[in-house]
Amino acid sequence: MGQGFFLLFAAGAVITALTVVLARNPVHSALALMACFLQISAIFVLLEAPLLAVVQIFVYVGAIMVLFLFVIMMIDVREAMLQRFLPGRNLPALVLLLLLGVEMLALVFWSGRFSAAEPIAPRGGDQVRQLSTTLFADYLLPFEVASIILLAALVGAIVLARKESG
Amino acid sequence: MVPLWWYISLAVVLFVIGAAGVLLRRNILVVLMSLELLLNSVNINFIAFGRYYDDFRGQIFAIFVIAITAAEVAVALGILVALVRNKSTLKIDDVTTMKG
């Protein structure tokens with residue numbers, strides 16, 4: 001049951017990710033990326049992290065992809081569609097990517113630590129409550145730092161995208 | 001149940017696809033989207049390890065990764081809009097001013 005759902009969502013995620021990289025039109029890439037984020041949030045549900053699944057949909061599909069689509073509409077993407085990939089000399093990058101993938105998979109299969117078939121039984125109780133207690137008690141300082149980073153990024157984005165008139 | 005290495009293999013495949021997009025594509029927008037794909041594959045790893053070893057820190061790190069990603073996308077798209085206004089190009093090999 002869980003395995004079938006996992007294979008379904010994983011296949012969907014991989015296919016849409018390939019579409020992101022291979023699509024000629026950036027709008028198609030953005031929509032495929034949105035579909036990929038939905039599959040990944042379904043995988044978060046399979047991992048029993050419902051809060052993260054909802055946050056994924058809110059932040060990625062709701063905010064980040066809308067930002068991407070707004071920027072795509074603001075600027076002219078037609079001339080960028082003519083050529084998909086960097087011209088020439090792609091062989092080193094391809095070899096590097098193949099090496100990276102093979103190396104990571106070999107390490108995962110070689111090591112016995114990743115072969116755990118069953119998750120450790122959860123402690124029980126309300127998962128979201130425990131998660132928020134951990135977040136707001138033990139990780140309060142990183143949480144505040146993250147909020148300051150978001151504020152700085154907001155101000156920085158406004159300053160960067162503003163017209164130079166003064 | 002799904003074994004742990006299935007999740008890690010999925011994350012590896014998504015990471016390689018995203019890295020291919022960053023290294024090979026010519027359009028700056030698609031490069032930024034591939035960057036999102038990279039960060040998401042790392043998030044899958046965080047949450048899978050947190051689930052299989054019963055540790056909340058995986059989910060907490062994933063939340064922080066999502067927050068930093070939102071900040072990164074806002075700044076990157078601001079820079080992109082400023083770039084298009086100044087140089088009117090979306091090709092990544094036209095923006096090599098700092099290459100010397």
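Readers should treat all values here as calculations from the given coordinates under stated rules, not as data from a laboratory. Since this is a predicted model, take the numbers as computed values, not measurements. Backbone-built Cβ (ideal geometry, glycine too); neighbour counts: all protein chains shown.
A few points about this structure:
- When only the Cβ of Lys, Arg, Asp and Glu is charged (+1, +1, -1, -1), the dipole of chain B relative to its Cα centre reaches about 360 debye.
- Across the range A:1-42, the mean sequence separation of Cα contacts (distance under 8 Å, 6 or more residues apart), normalised by length, yields a relative contact order of 45 percent.
- Taking other C-beta atoms within 10 Å as the exposure proxy, A:Tyr60, B:Tyr53, B:Tyr7, A:Tyr139 rank B:Tyr53, A:Tyr139, B:Tyr7, A:Tyr60 from fewest upward.
- Dividing the summed helix terms, -39500 (n - 2.57) for each DSSP H run of n ≥ 4, by the number of residues in chain A produces a 222 nm estimate of -21500 deg cm²/dmol to the nearest 500.
- Take each residue in A:68-78, count the other chain C-beta atoms within 10 Å of its C-beta, and the mean is 4.
- Averaged over the residues of A:56-66, the number of partner chain Cβ atoms lying within 10 Å of the residue Cβ comes to 3.
- Taking every C-alpha pair closer than 8 Å and separated by at least 6 residues, the mean separation divided by the residue count of the range B:11-99 gives a relative contact order of 28 percent.
- Furthest towards positive pole of dipole, B:Asn45, A:Val59, A:Leu91, structure part the protein assembly as shown, Cβ charges: A:Leu91
- Stokes-Einstein D for the protein assembly as shown, Kirkwood Rh over Cα pairs, 10 °C, 1.306 mPa s (µm²/s): 81 µm²/s
- Solution diffusion estimate, µm²/s, Stokes-Einstein, chain B, Kirkwood Rh from C-alpha pairs, 25 °C, viscosity 0.890 mPa s: 161 µm²/s
- With the Kirkwood sum run over all distinct C-alpha pairs, the range A:1-83 has a hydrodynamic radius of 13.6 Å.
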